[in-house]
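Report on the following structure.
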Amino acid sequence: MLPVDLPDTVREALSAPLVDQHCHGVRRDDLTRAPFETLISTGGLPAPPGTTHFDTPLGAAIRRWCAPVLDLEPHVAPTVYLARRAELGADEVNRRLLGAAGALTFLVDTGVESGELLSAAELGRFGSAVADEIIRIEQIEQDVAEVAEAALDYVDSLAEELTARAVGAVGMKTVVAHRCGLGFDPSRPARGSVLAAANRRLSEPKEPVTDPILLRHLLWTAVDVARERGLPLQVHAGFGAGGAGPHLADPSRLTGFIRALQPMGVPVVLLHCYPYHRQAAHLADVHPHVHVDVGPALTRGAAGAWRAMDELLELAPFHKQLFGSGCAGVAETCHLGAFFFRRSLGGALKTRLDAGEWSTADAARVAHMIGSGNARRVYRL
């Protein structure tokens, strides 16, 4: 639902098909209430006894804006919503909600591989869209660590596997914020220290990598591959990246690493970012290779999403902003990501139009750039 009295050209630009430059797979199976609630929670944990995750901005938005897509009245009770979901079945629910997002292309982080989740190709098929892959470098490291027999084999295989996997991808992604935070030493680690750390790593290969030396080596190896193939590097920051502590996910901590990458010409896309989206916007303003989205902050903020969007427009260059739903777990997050993006951007544009700050042509152009044009350029779609 876009703001009223928007010029037709702006409304058309906001309603145009989107490039969702950051999303994940959604569950393919029918979900009972407990797992559904866990999937719509930020922490991935059950609600405290006597409470529900439907009593959140996202839960209220599901009941208001997803219910009609499933032929229900707005604001139905959670039990009614989930009963209708079960009645339709997972395939139909996914088809309706993914299709309602109005995406032309999904760029799918395939780092969380599970038979319970739709693959990138299936996500595209259910959403009537093209789907391309973003490879998660920590998952590739995990695969290499589990089969490497020695430190030298680990180091060589890591470069080879990243190169091989990048062939079919349009971008690379790191979740280093989850593993050690973003304030790591930005320099390349010495080969000797990498081999020593690899020996320690191979003693527990099934555990997630958290060694800062290996994470730095992984990042720089990925950067070399990205530069060779002309791929951007997505960096998860801010919202949802609290594995090492949310204060360590502030993207401004990446400043040294970002500066080191600038001469190499590797685009950096800062994902999520909220509540540090102002810092991310500053980095995008200062550094020519840095881009930004606020991802699921729009979905999680729901009716309050316009604040984050408005603040991003205050500082980040318009050609540096990208739409990404951050969709994960359930298809509702894909539909709502697109819905609140369009609505919050529309509100921000209307404010500027009403104040006479922007022309109608400016507003339509910005809507097109953020919704799809910038992603097409950055990812060479």
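Using Cα atoms only, what is the angle between the long axis of helix 305-315 and the major principal axis of the chain, expressed in degrees (0 to 90) to the nearest 10?
60
Apply the Karplus curve 6.51 cos²θ - 1.76 cosθ + 1.60, θ = phi - 60°, to the phi angles in the stretch 25-36 and return the couplings in whole Hz, x for Gly and Pro.
Here the 3J(HN,Hα) series is x, 10, 5, 9, 9, 6, 10, 7, 5, 4, x, 4 Hz.
Using a 10 angstrom Cβ neighbour count of at most 14 plus a DSSP loop assignment to flag exposed GluC sites (Glu not before Pro), which longest range of the chain is free of such sites?
150-356
Subtract the Cα-Cα distance of H75 and E12 from 0.36 nm times their separation in residues, and report this length gain in nm to one decimal.
Going from the current span to full extension adds 19.9 nm.
Provide the percentage of antiparallel DSSP beta bridges, counting only those with both residues in the chain; round to the nearest 5.
5
Pop a pseudo-label 7 angstrom from the Cα along the beta-carbon direction at both R84 and E149 and give the gap in nm to one decimal.
5.9
Using a Cα-Cα cut-off of under 28 Å, which lysines could be cross-linked to K206, ignoring same-chain neighbours fewer than 8 residues away?
Counting by Cα, and skipping residues close in sequence, K206 has these lysines nearby: K173.
Work out, in µm²/s and without decimals, the Stokes-Einstein translational diffusion coefficient of the chain at 10 °C, 1.306 mPa s, Rh from Kirkwood over C-alpha pairs.
75
Enumerate cysteines in the chain without a disulfide-compatible partner, where compatibility requires another Cys Cβ under 4.7 angstrom.
C66, C180, C273
Which angle from 0 to 90°, rounded to the nearest 10, does the C-alpha axis of helix 151-166 make with the longest principal axis of the chain?
30
Using the alpha-carbon centroid of each, what span in Å lies between the stretch 345-373 and the stretch 23-41?
35
Please check the chain for the longest run free of trypsin sites (Lys or Arg not before Pro) that are loop-located per DSSP (anything but H, G, I, E, B) and have at most 13 other Cβ atoms within 10 Å.
My reading of the result: 1-205 is the longest stretch.
Can you give the Kirkwood hydrodynamic radius for the stretch 31-88, in Å, rounded to one decimal and based on Cα pairs?
This gives a value of 11.5 Å.
Given the rule -39500 (n - 2.57) for each run of at least 4 DSSP H residues, summed and divided by the residues of the chain, what is its mean residue ellipticity at 222 nm, to the nearest 500 deg cm²/dmol?
Working: 18 runs with 179 residues, N = 381.
About -14000 deg cm²/dmol.
Here, each number is a calculation from the coordinates, and none is a lab measurement. Nothing here was measured: the structure is a model prediction, and the numbers come from that model. Backbone-built Cβ (ideal geometry, glycine too); neighbour counts: all protein chains shown.
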